Amino acid sequence: MQKELIKINNLHVEYKTSNGILGKNKTIYAVNGVSLDIYKGEILAIAGESGCGKSTLAKAILKLEQAKNGEICFEESDILKLDKKGVKEYRKKVQMIFQNPYSSLNPKMKIIDTLKEPLKINTNLSEKEIIKNIEEKIALVGLDKNCLNLYPHEFSGGQRQRIAIARALMLEPEFILADEPVSALDVSIQAQIINLLKDLKEKYNLTFLLITHDLSVIKFLADRIAIMYLGEIVEIGTNKEIFSEPKHPYTKALLSAAPQLTKNNIEKLTLKGDLPSPSNPPMGCKFHTRCPFAMQKCHEQNPQEINLSNTHKVKCFLYCK
Ligand code: SF4
């Protein structure tokens with residue numbers, strides 16, 4: 001049986017707009033009652049359009065965004081209730097790989113100093129042990145130790161992302177959040193980084209939360225996939241369940257945009273209209289304004305989650321018995 005590393009219960013994250021197209025002081029309901037387990041050693045991907053709440057959910061897990069209520073349990077303690085010392089300890093165990101490796105590395109620091117930093121701040125290792133550690137991690141991501149005295153601008157985009165991955169590994173975290181880890185890279189380099197992430201997960205039993213809009217990356221990397229729409233998880237299942245037997249109309253519409261990744265017998269749906277504003281989500285099923293199957297009750301009630309199998313769950317009235 002799989003063991004949960006992270007257990008999220010009924011999480012709500014809201015924030016106020018300061019300005020912009022939505023206006024001032026509007027409440028954004030970014031994450032709306034999300035419950036989700038992330039199992040040790042898996043890659044769980046979250047898919048959905050921009051503005052669906054996936055990045056806010058990820059930031060809440062890293063404590064970079066304040067949750068309004070709910071629980072995020074990491075190894076059974078609720079991280080929303082941690083004191084300052086607890087947060088410091090938690091942050092050693094969770095790391096992030098960013099979309100743009102260049103902006104995530106300090107251009108004025110040599111790579112060796114960038115990699116030393118987390119060990120100097122968080123451990124009592126001697127200089128010799130730190131160097132040994134750095135050389136191990138840089139080899140792990142497929143780079144030569146001779147590169148350690150260079151600056152970020154002396155590397156290609158793919159090499160910089162390898163360095164960013166090495167930095168994320170320095171404290172030997174248990175959980176890594178990868179936010180669009182290859183979307184800023186040339187297509188020719190993307191496959192190398194994707195393979196590296198897969199290797200690291202398999203060799204070291206690392207747990208990843210993968211945030212990306214790229215369904216081909218999700219199909220290759222993810223063990224399970226959660227589909228998010230307007231702050232809610234509308235479907236979750238194994239890679240096979242989502243790509244071969246998608247159930248929610250929104251999942252089918254997302255997959256219709258990438259027909260090469262799915263079987264021919266999967267119903268093709270075209271998304272109508274834009275994502276409604278997260279400051280003013282529709283009543284009832286949040287997807288009813290764009291759903292070709294919407295019924296009267298979809299306008300009035302939000303469907304409960306239905307178990308289709310031990311691993312496959314969907315929120316849609318079409319599957320209520
Ligand atoms: Fe469509 Fe209704 Fe299902 Fe929502 S509950 S996805 S509106 S059929």
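The values are calculated or read from the model by the stated rules, or taken from the named source; none is laboratory data. What you see is a predicted model; the values in this text were computed from it and never measured. Here the Cβ is made from the backbone with ideal geometry for all residues, glycine too, and neighbour counts use every protein chain on show. Remember, those area values only see protein heavy atoms, side chains included, never the ligands or the DNA or RNA. Shrake-Rupley method; radii C 1.70, N 1.55, O 1.52, S 1.80 Å.
Below are the figures for this structure:
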{"read-out": "Residue within region 228-245 that is more than 15 Å from ILE46 (Cα to Cα) and assigned to a loop (DSSP other than H, G, I, E, B) present", "value": "yes"}
{"read-out": "Selected residue (only one of PRO101, PRO118, PRO107 is touching a His at 6+ places or on another chain (Cβ under 7 Å) and either over 30 Å from HIS153 (Cβ atoms) or touching a residue at least 24 places away in the same chain (Cβ under 8 Å) (or both))", "value": "PRO107"}
{"read-out": "Among the residues listed as LYS116, LYS81, LYS16, LYS24, the single one being at pLDDT 95 or above and either of a type outside the set (A, V, I, L, M, F, W, C) or more than 22 Å from MET170 (Cβ to Cβ) (or both)", "value": "LYS116"}
{"read-out": "Qualifying position, being polar (S, T, N, Q), within 21 Å of LEU185 (Cα to Cα) and either over 27 Å from the mean Cα position of the chain (by Cα) or exposed (fewer than 14 other Cβ atoms within 10 Å of the Cβ) (or both), among SER103, SER126", "value": "SER103"}
{"read-out": "Enumeration of residues in region 247-281 that are of a type outside the set (D, E, K, R) and either at pLDDT 95 or above or not in a loop (DSSP other than H, G, I, E, B) (or both)", "value": "HIS248, PRO249, TYR250, THR251, ALA253, LEU254, LEU255, SER256, PRO259, GLN260, LEU261"}
{"read-out": "Condition met for LEU80 (closer than 28 Å to TYR204 by Cβ and either open to solvent by 10 Å² or more (accessible area, probe 1.4 Å) or among the small types (Gly, Ala, Ser) (or both))", "value": "yes"}
{"read-out": "Any hit, region 202-211, residues being open to solvent by less than 10 Å² (accessible area, probe 1.4 Å) and either in a helix (DSSP H, G or I) or on the phi > 0 side of the Ramachandran plot (or both)", "value": "no"}
{"read-out": "Residue that is farthest from the ligand (Cβ to nearest atom) [pool: residues in region 218-240 that are of a type in the set (Val, Ile, Thr) and under 12 Å from the mean Cα position of the chain (by Cα)]", "value": "ILE218"}
{"read-out": "Some residue of region 262-284 being near the ligand (Cβ under 10 Å from one of its atoms), under 20 Å from LYS313 (Cβ atoms), buried (at least 17 other Cβ atoms within 10 Å of the Cβ) and not basic (Lys, Arg)", "value": "yes"}
{"read-out": "Considering residues of region 249-261 that are more than 20 Å from the chain's Cα centre (by Cα) and within 16 Å of the ligand (Cβ to nearest atom) only, the residue farthest from HIS288 (Cα to Cα)", "value": "SER256"}
{"read-out": "Every pair of residues 6+ apart whose Cβ atoms lie under 7 Å, when the first sits in region 282-305 and is in a loop (DSSP other than H, G, I, E, B) and aliphatic (A, V, I, L, M) while the second is open to solvent by less than 90 Å² (accessible area, probe 1.4 Å) and near the ligand (Cβ under 6 Å from one of its atoms)", "value": "ALA294/HIS288; MET295/PHE317"}
{"read-out": "In region 56-77, the residues that are under 23 Å from ARG167 (Cα atoms), open to solvent by 50 Å² or more (accessible area, probe 1.4 Å) and in contact with an Asp or Glu (Cβ under 7 Å, 6 or more places away or on another chain)", "value": "LYS59"}
{"read-out": "Candidates LYS128, LYS137, LYS116, LYS108, filtered to the one that is over 30 Å from THR27 (Cα atoms) and assigned to a loop (DSSP other than H, G, I, E, B)", "value": "LYS108"}
{"read-out": "Residue list for region 296-321, filter: open to solvent by less than 60 Å² (accessible area, probe 1.4 Å), within 10 Å of the ligand (Cβ to nearest atom) and aliphatic (A, V, I, L, M)", "value": "VAL314"}
{"read-out": "Subset of region 38-81 that is touching a Phe, Trp or Tyr at 6+ places or on another chain (Cβ under 9 Å) and among the polar types (S, T, N, Q) - its residue that is farthest from HIS312 (Cα to Cα)", "value": "GLN66"}
